[in-house]
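The values are calculated or read from the model by the stated rules, or taken from the named source; none is laboratory data. Predicted model only: the values in this text are computed from it and were never measured. FYI the Cβ positions are ideal-geometry reconstructions off the backbone, even for glycines, and counts take in every protein chain you see. Keep in mind that these areas ignore ligands, DNA and RNA; they rest on the heavy atoms of the full protein, side chains included. Shrake-Rupley method; radii C 1.70, N 1.55, O 1.52, S 1.80 Å.
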Amino acid sequence: MNEVSQENGEMCGLPTLPEEAEHSEKKESLTDKMKMPRSRSHSDMWVSYRDNMNAESSREDIHVISDSPTLPEEPKCSQKERNEADNENPQSDNPSGNSCTRHHHLMTTRELQLYWKKEKYEGKPVRLLFQMQSTRIAEDFLSKFVMYQIIIIKTGSFDGKKAFIERRYSDFERLHRNLLKDFKEEMEDVVFPKKLLMGNLTEEVIRKRMMALKEYLEELYAIRCIRKSQKFIEFFIEPELEEGYCSIRGGQYGAAMAIFQQVTYLQEKLVEHCPSLMVPSLCALVVCHRDMNQSQMAYEVGMKAVDLLEKHTTHRYYMPLLDTLVSLAFKIGKDFMPLREKLQVNEMKVRRTFDYEIPTLKELVVQEYVKD
């Protein structure tokens, strides 16, 4: 009866006794524990708070990135560039593994400019550019004619060795006839400027013909079989070679040296498909330098020539060149033993196969371009 009345009193808002109040608090706390989930520890609450903050910040970042303008993509790097960058910075923590990008970020502005300049030049195809910027009026015993100066430049990389030659219209005409004998089908669409009987010395005609001849050379060079042909290459170097060898036979080594220097510049651009074609011209330079007591220069040019013949040990210039280089190396204090060993090995092979005396380098050079 008392318990019932006490409960009724609580419901009516009447005060309870202290003992009963304490008992009631314990009962309510027990009931709350049974109804409410178990409270989390302090560390659990901190982890939950951190996750919520990260989620909020990620949502904000996504919103900002979507509204901002997109940045240009980083250039793709080759495997070689990535490996080089990884070697330079092995402890990088970039999870994407784009080592090339990290490497670029470490460059200074100047280094980055030089890097992209190099990439730009390496991406360009190497070809020849023919320029005609000047002419002059020449005269022989019969008539006057125009000499066109042709500048040959190698594009796709920095070319510090610009070579130039002079040719007249009749030289182009002869080239065209010679090429038609072997490449008539390939030259079907190649336009050659017509010959004029009158007024070919006026400024307007010279200017138009200069542009036409420039385009003619570019069209020929665009045909692969023609630009590698002997007739096309000889058009650029044959007159100079004849003059240079004639100067050597006359003992004019200074004049010959200047001519052959220009010839080698031309050949570096024209005979990349077969560098050994440069050997006779380089050997002519060796003879000029040696006979002018420039032993160091003769040795350097000769070593360049012998490197081009490492895979062509049966070439007619190989043995005389080695013999000359041994003498030059001994004279300037270089190690001549490797050259001497090569000479002895090849000399045994030659004497075993052919029974003849090996000519000197100068004898070979003097015999070049001797007309019967």
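Odds and ends about this structure:
- A 1.4 Å probe over all protein chains sorts PHE330, PHE236 by accessible area into PHE330, PHE236, starting with the largest.
- Calculated from backbone phi, Karplus (6.51, -1.76, 1.60) coupling profile of the range 181-186 in Hz, x at Gly/Pro: 5, 10, 10, 5, 5, 5
- Distance violations [Cα-Cα > 26 Å] among LYS162/LYS194; LYS342/LYS362; LYS161/LYS194: LYS162/LYS194; LYS161/LYS194
- Rolling a 1.4 Å probe over the protein chains gives HIS312 an accessible area of about 80 Å².
- Extension gain (nm, one decimal) between ASP171 and GLN149, 0.36 nm per residue minus Cα-Cα: 6.7 nm
- When CYS246, CYS274, CYS283 are compared by accessible area of protein heavy atoms, the largest-first order is CYS246, CYS274, CYS283, using a 1.4 Å probe.
- Accessible surface of LEU112 - all protein chains present, 1.4 Å probe, nearest 10 Å²: 60 Å²
- With Cα atoms as the point set, the radius of gyration and Dmax of the range 213-372 evaluate to 16.9, 53 Å.
- Where ILE226, ILE153, ILE358 fall by accessible area, highest first, once all protein chains stay in place (1.4 Å): ILE358, ILE153, ILE226
- Sequence-ordered 3J(HN,Hα) estimates for the range 161-178 from the Karplus curve with 6.51, -1.76 and 1.60 and θ = phi - 60° stand at 10, 6, 10, 9, 9, 10, 9, 9, 4, 5, 5, 4, 5, 5, 4, 4, 5, 5 Hz, glycine and proline given as x.
- Here r is the Cβ-Cβ distance between LYS162 and VAL191 and R0 is 25 Å; the resulting FRET efficiency, rounded to 0.05, is 0.40.
- Of all accessible heavy-atom area on the range 191-343, the percent that carbon and sulfur account for (1.4 Å): 55 percent
- Rounded to whole numbers, the Karplus 3J(HN,Hα) couplings from phi for the range 210-220 are 4, 5, 5, 5, 4, 5, 4, 5, 5, 5, 5 Hz, using 6.51 cos²θ - 1.76 cosθ + 1.60 with θ = phi - 60°, and x at Gly and Pro.
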